[in-house]
Amino acid sequence: MTRKEELDIKTAQAWEQRFTDIRKSFDIALYCKQISSELNYPQGVADSSKILGYCYWRFSDYQNSLEHSLQAQDLYRELDDKIGEADTLNSIGAVYMFQKDNQKRLECNLRCLSLREEGKAWDNVPGSMNNIGETYFEMGDMTNATIWFQKCFTSEHATPEDIGWTYHNMGKVHEHNGDFDQARQSYEASIEITKEIEYNVLTCETLTELCRLLTANAEYDLAEEVGLEGLSISSGKNLKESSKDLLQVLASLKEKTNLPLEALEYHKQYHDLYVELFNADSHQRVKDIGFQYELDKVNEIAKVEKKKNLELAEANEEIESRNQLIQQKNQDITDSIMYAHRIQMGVLKSIDRTSKHLPEHSIFFKPRDIVSGDFYWSIEKDGYLYVAVADCTGHGVPGAFLTLLGTSFLNEIALQEEALTPAEIMMQLRAKFISELNDNDETFRDGMDLSMIRLNLSSNVIDWTGAVSPIWILRAGNKKIDLVGGDKQSICFTEEPEPYTSHQFHMEAGDQIFMFSDGYSDQFGGPKGKKMNRGKMLALFENLQSESTADQRTKIIDHFNNWKGEERQVDDVCVLIMKF
């Protein structure tokens, strides 16, 4: 057996294995692509790239999915391999699905079906029928969706995977039409089939839909059992998109059963995973690759139809014009965000300007993007000095909008009332977020985590309250920092709001406090590319006790940059140090 024949066998096995053990399928494809490239074997490179494109899609890495699928598509066209090209169109269409671009997805689906019929790949035709039906469903066309799903049901070539998908999709159609019993039966039929063949991705997706359906029908215990089963499978198989969807439906379930703290925990896990999957830079890179795919289609037409040189020239001119327009729009957007940065930094003026009584202090403030979702705030009023550090939902432009609202609300509360405690301020701040942003719309749950002190300038007594965010206190002469945690409720909408807790500390000369957002400890880096975590952050702060806050700030910044190395900053960072 030659090495090329061995590679053909391995890639065929990996392609079949993608339903049952996607991680192993991925590892085999990586190996086969490396060896095929070394052997200059185009078929092997195309087959392994096709598998990687599918796996990256299932790992929710849409940028890499498109890159590998487009590479495979180019090679399959050169090899005149219609079946391989059709398979890659499936993955490309799936990425467009998550971009909500159903028209492009439908084009991919129809072209895929045409190629499979041309290549007489009858076993794969039902899968294309299912995909076309799904796309019509997303477009709201239930009639065409049902027609295509029924075509799959009645196809003599339909596999258990195809039937599992069709039951799943018909469940969604029945649910859309208000037929609860039929929807439930269809979902349960799909789950039974996919569990038997270990099609984990589809099992998780169907469990998600069934959990949502049972919740809507007030069958809460069974809904939770179904949701947790799906979450266990998706977490074990690294199916991040499935985990995200399951966390969302479980959070909704806990809200409906009046368990706000458990709902909040699911929401936080959902938010963290959502940010990881759909951060702005990654989403923009996917769109850029999609534009490149359009350019590739134009060039492909030019190769096949050489006589259309004039049309090609006009098309290229149009592309160049569009490219210049995109560049100009990107520049305009960047200029606007830079101006927003100047506005934000004007609002976040140096706290040195707040009070001449401010103790020795330093701030490390570093947005992840141009503008920040973290902010610091201070004011002196009636013999008290207020200082706060806040971490708003999100970062970049959405987070920056919330910082402006937060500082505005805090200033309004401070100016209109007597010298309130931080706990009283936070309860008024939460009420403002709910009344101004929600307007009885319980779907809007953005807000902030907040740590705030009120320093009595005559007695050096601190009142402190934390909404999720903690405060760390290092007493003079002590080697260990005292860790004080905040209340487990953010400044945002919640069904059962509770009063915030007030803590009091008397500060002596040499004592220090640290208030911070979670961006510092959440940064990935170090020799193994892992999250720093608060343990390393704590050890660093404890070792800096004898130094001035200015020197502490310098070393905190150096440690952050050294840890981050070449990794991308994952979140906004704000660390405030104060020494008495």
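Read the figures in this text as sums done on the coordinates, not as results from a lab. Model, not experiment: these values are computed from the prediction. Cβ sites come from the backbone with ideal geometry, for glycine too, and all protein chains shown count toward neighbours.
Brief remarks on what is shown
- Helix-only arithmetic for the chain: the sum of -39500 (n - 2.57) across DSSP H runs with n ≥ 4, divided by the residue total, places the mean residue ellipticity at 222 nm at -20500 deg cm²/dmol.
- Here the chain is treated with +1 on each Lys and Arg Cβ and -1 on each Asp and Glu Cβ, and its dipole about the Cα centre works out to around 1640 debye.
- Taking other Cβ atoms within 10 Å as a rough exposure proxy, 257, 494 sort from fewest to most as 257, 494.
- By the combined test of axial Cα extent (at least 27 Å) and Kyte-Doolittle hydropathy (mean at least 0.5), the qualifying DSSP H helices of the chain come to 396-416.
- Those aspartates and glutamates that a straight Cα-Cα span of less than 16 Å connects to residue 50, excepting residues fewer than 8 apart in one chain: 8, 16, 27, 61, 67, 74, 78, 80, 81, 85, 87
- Sorted by Cβ density within 10 Å, fewest first, the residues 537, 97, 1: 1, 97, 537
- Projecting the Cα atoms of 543, 153, 193 onto the charge dipole of the chain, computed from C-beta unit charges around the Cα centre, puts 543 farthest toward the positive end.
- Within the shell defined by Cβ-Cβ distances under 12 Å, the residues around residue 213 carry a net charge of -3, with Lys and Arg each +1 and Asp and Glu each -1.
- For residue 511, the residues 5 or more places off, or on other chains, whose built amide H falls under 5 Å of its own are 476, 580.
- Taking the fewest neighbouring Cβ atoms within 10 Å as the starting point, the ordered list for 117, 317 is 317, 117.
- Among the listed pairs 237/531; 479/536; 254/488; 366/555; 24/100, those with a Cα-Cα distance over 18 Å are 237/531; 24/100.
- Under-5 Å amide H pairs with residue 374, H placed in peptide plane, nonlocal only: 392
- The HN-Hα couplings worked out from phi for region 566-580 by the Karplus form 6.51 cos²θ - 1.76 cosθ + 1.60 (θ = phi - 60°) are 8, 5, 7, 5, 8, 7, 5, 10, 9, 10, 10, 10, 9, 10, 9 Hz, whole numbers, x standing for Gly and Pro.
- Peptides 449-456, 44-51, 175-182, 62-69 ranked from most to least packed give 44-51, 449-456, 62-69, 175-182, packing being the mean of other C-beta atoms within 10 angstrom over each peptide's residues.
- Estimated dipole of region 35-127 in Debye, rounded to 20 [Cβ of Lys and Arg +1, of Asp and Glu -1, Cα centre]: 380
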